[in-house]
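Reading through the structure tokens given below for one structure.
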């Protein structure tokens, strides 16, 4: 079955979502009860939500037939390097330079690595909040091997078999000898949770010592200003241009798994397995798209001015100021939203101010000061101009005029910070201006 068929099955299998909020709230309450074991929480959740059983899918998946419940299973899918996921060719991941990975991850160790030896990791778990009572029942692993990209998924069909699964994972990690890890929010969730389970069963967790690219953080820098959401499925749709849908809400996944444990109906968890597989493909896709921006290589995928602004923030965070300035300037040469355009000018002006290039900073402040509607960016630029006239040119009257304008606009938009600043500044400028006039008349 190819990727397109799997995605079509996911779309057909989507169900009415009205019960999702109730399920999430019920599970959150149960998770807070430390007196119950995971099994007891499962039984209570099933009892409380029996009236919210899933509606039958429009098309029954082939796994829907009653089967015996296998305690532990491994699934594997292989994608040829010329396979396209949205607008991204899977082979493009092998062309990403280690310096680009180092920039995205903020880890120097990546400079000597590439994605050939990387492990893409994503978990599906019995809870969303973490903690020792949460069990990863599906461990999705993606990696390049033998001229292909493979996805191997370890599925726990019986909670009593977790020790076996952890042992198999430990052996797999040793044999594959991965050199780095790539996740999406893995630093806060996936890796700490998996490490806890390894410790519980006295297995060494080698992944914890590897360089780790948690792409959630560079994704926010690159695209938060551009998109409504930086959730992985949303990035897959908007950046990688897949036709992926939000097949299963995260809060529904534990509920489906618990129902599967009770009934043995594999059709309940089959969509979760496809969901996990797509998450790994989406992660690979967005990493390639992010690398395209940093590497300025549109052979990976197209890049626009909003992407250049995001790259400027990435390089600013790494301390490569010259590179960040170059990207901000290139962004201003393209099409930006008004808010992003003002923010790019603000960041550039501060760089020029710090480097003593006021001849470049002042025009940026003047452009920002004349923009509408009035925002904090406008007040920022008026404050900078007031300081420039006061401290650099000693033109107290001009500084006072600018500060008065800032005071009026700050009051207009109820900005208490700038209102206090301009009020204090005007009082000082009034004294300086009076003293200057007195000195001039005395002279």
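Can you tell me which condition residue 279 does not meet? The list is (1) farther than 19 Å from residue 97 by Cβ; (2) more than 14 Å from the chain's Cα centre (by Cα); (3) modelled with pLDDT of 95 or more, and all the others hold. Answer for residue 279: the failing condition is (2). Of the helices (runs of 4 or more DSSP H) lying entirely inside segment 287-397, those containing at least 3 residues that are without any contact (Cβ under 8 Å) to a residue 40 or more places away in the chain, more than 30 Å from residue 428 (Cβ to Cβ) and outside the structural domain of residue 411 (by TED's automatic domain parsing) span 305-318, 321-332, 338-354. Within segment 163-200, the set of residues being in a loop (DSSP other than H, G, I, E, B) and surrounded by 14 or more Cβ atoms within 10 Å (Cβ to Cβ) comprises 178, 179, 184, 185. Residues of segment 233-246 that are surrounded by fewer than 21 Cβ atoms within 10 Å (Cβ to Cβ) and in a helix (DSSP H, G or I): 233, 234, 237, 238.
Yes or no, residue by residue, for (1) more than 26 Å from residue 304 (Cβ to Cβ); (2) at pLDDT below 95:
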{"site": "326", "(1), (2)": "no, no"}
{"site": "367", "(1), (2)": "no, no"}
{"site": "381", "(1), (2)": "no, no"}
{"site": "407", "(1), (2)": "yes, no"}
{"site": "430", "(1), (2)": "yes, yes"}
{"site": "443", "(1), (2)": "yes, yes"}
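Scanning segment 206-224 for residues that are over 26 Å from residue 308 (Cα atoms) and surrounded by fewer than 18 Cβ atoms within 10 Å (Cβ to Cβ) turns up 206, 208, 209.
Results for (1) in the same structural domain as residue 237 (by TED's automatic domain parsing); (2) under 20 Å from the mean Cα position of the chain (by Cα); (3) under 30 Å from residue 137 (Cα atoms), shown as yes or no for each residue.
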| site | (1), (2), (3) |
| --- | --- |
| 85 | yes, yes, yes |
| 95 | yes, no, no |
| 100 | yes, yes, no |
| 111 | yes, no, no |
| 115 | yes, yes, yes |
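Surrounded by fewer than 24 Cβ atoms within 10 Å (Cβ to Cβ), more than 21 Å from residue 98 (Cα to Cα) and assigned by TED's automatic domain parsing to the domain that holds residue 350: does that describe residue 265? So residue 265 fails the test. Evaluating residue 146 against the criteria (1) under 21 Å from residue 76 (Cβ atoms); (2) outside any helix (DSSP H, G or I); (3) modelled with pLDDT of 95 or more leaves one unmet condition, (3). Just to be sure before I move on: is residue 272 within 30 Å of residue 160 (Cβ to Cβ), more than 20 Å from the chain's Cα centre (by Cα), assigned to a helix (DSSP H, G or I) and modelled with pLDDT of 95 or more in the structure I sent? Yes; evaluated as a whole, the condition is true for this residue.
The values are calculated or read from the model by the stated rules, or taken from the named source; none is laboratory data. These figures come from a predicted structure and were not determined experimentally. Backbone-built Cβ (ideal geometry, glycine too); neighbour counts: all protein chains shown.
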